[in-house]
Every structure is written in structure tokens, then in C-alpha cells.
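This report refers to the structure that appears directly beneath it.
The values are calculated or read from the model by the stated rules, or taken from the named source; none is laboratory data. Treat the numbers as computed from the prediction; the structure is a model and nothing was measured. Backbone-built Cβ (ideal geometry, glycine too); neighbour counts: all protein chains shown.
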Amino acid sequence: MRIAKRILIILFLLIAISVTFYLFMFNRFNISCFGNKYYLVNNKVKGYKSGSLLAVKQDLKNINVGDKILFYNINTTKREILASTVKSIEQTNKKEKTYELENNKFVSSSYVLGSIKNTIVIPVLGGFLNIFSSTVGYLFLILLPVLSLFVYQLRAVIIKHNLWGLYD
């Protein structure tokens, strides 16, 4: 019973730490970014099930004409990710490229997440991550359980060492 309890606590703490890192790594578009990988929960990108977790590797050097890419839509006030096919690529300067998309829109390489061929899709995990990373979900599923574990452990130490002389 003790081993199962410890395994559950360790599993919970791993989930809590992972969700916390996910939240701390948000960029200005509310997408988590670790190095050259972007992690986003799919809600609106066509071609993927809603609630899927998309892990997109940003590899701009290997994007060619005809590739389908994921990019930030900066043409509207909504923060959203769109997918489109590249019609042409223009080298703007040494580091910057401009992609012409199939709908005759242009997007700078600084707003491109990556190619769909470099995307890993995890079907259900995005839904759980949405719940855990929401304000209420993080409070009730992460913070309050961690606080209760801390109080429980603190109480156990006080009782074990009889720190206040209450348990004679």
C-alpha cells in the first residue's frame, strides 16, 4: 500500500511539474515553446482532431514549395494557428524568408511554426492538457492537491518529532 501511494504521489508530481513547465513556456501567441519545438492543443487547425496535442518541430531550412506549414495568423485580431500550402519562397535577407501561401497571402518565416511533415500528433493528450492548464483546472487539480500534500507531510513531521509538545 505504501509503495502504491508513493508511486501515485510521484506520478502526480511529474504531471504537476510538466503542466507548470508547459504554462511557463508560453509565448505571446499562447503556445508553449521549448527550444525549436512548439506544443499546442488543436482547437481549430483543419486536418487534426480537436483536442489533439501537436508537437511541431521548427525546421525552416527544410520547408519547400508545396509543403503544408503551420503559421500564426497575424492578419486578424484573434490569435490562431492556420495551415496552408507554400506556393513560393522568397529570401528576404540572410535569416528571413517570406512564404507565399496558396490563398495569395504572405507570411514571414518568424511567424511560421513548421512543416506538417515535422509534426507529431498525440490524439487525446491535448484535451487533458487543456483542462490542467486552464485557470480553474490548474487551481483544483494541481495547486490544491500540492498544498494538501504539503500540509499532510508537515503534520506528519510535527507528530513524529512532537515539535510543539502536544502529543505526549
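Details
- Segment 129-142 - residue that is crowded, with 17+ Cβ neighbours inside 10 Å and of a type outside the set (S, T, N, Q) and, of those, nearest to Thr85 (Cα to Cα): Leu129
- All of Lys87, Lys78, Lys94 fail the test of being at pLDDT 90 or above, of a type in the set (Lys, Arg) and out of contact with any His (no Cβ under 8 Å at 6 or more places or on another chain), apart from Lys87.
- When Ile116 is tested against (1) at pLDDT below 95; (2) loosely packed, with under 12 Cβ neighbours inside 10 Å; (3) of a type outside the set (S, T, N, Q), only condition (2) is not met.
- Long-range neighbours under 8 Å by Cβ, at least six apart or interchain, first residue at negative phi within segment 125-136, second modelled with pLDDT of 90 or more and hydroxyl-bearing (Ser, Thr, Tyr): Leu125/Ser52; Gly126/Ser52; Leu129/Tyr22; Phe132/Tyr138; Ser133/Tyr22
- In segment 141-158, the residues that are more than 17 Å from Tyr22 (Cβ to Cβ), hydrophobic (A, V, I, L, M, F, W, C) and without any contact (Cβ under 8 Å) to a residue 24 or more places away in the chain: Leu144, Leu147, Phe150, Val151, Leu154, Ala156, Val157, Ile158
- Strands (runs of 3 or more DSSP E) within segment 1-92 that include 1 or more residues surrounded by 15 or more Cβ atoms within 10 Å (Cβ to Cβ), touching a residue at least 12 places away in the same chain (Cβ under 8 Å) and of a type outside the set (A, V, I, L, M): 37-41, 53-57, 68-73, 80-91
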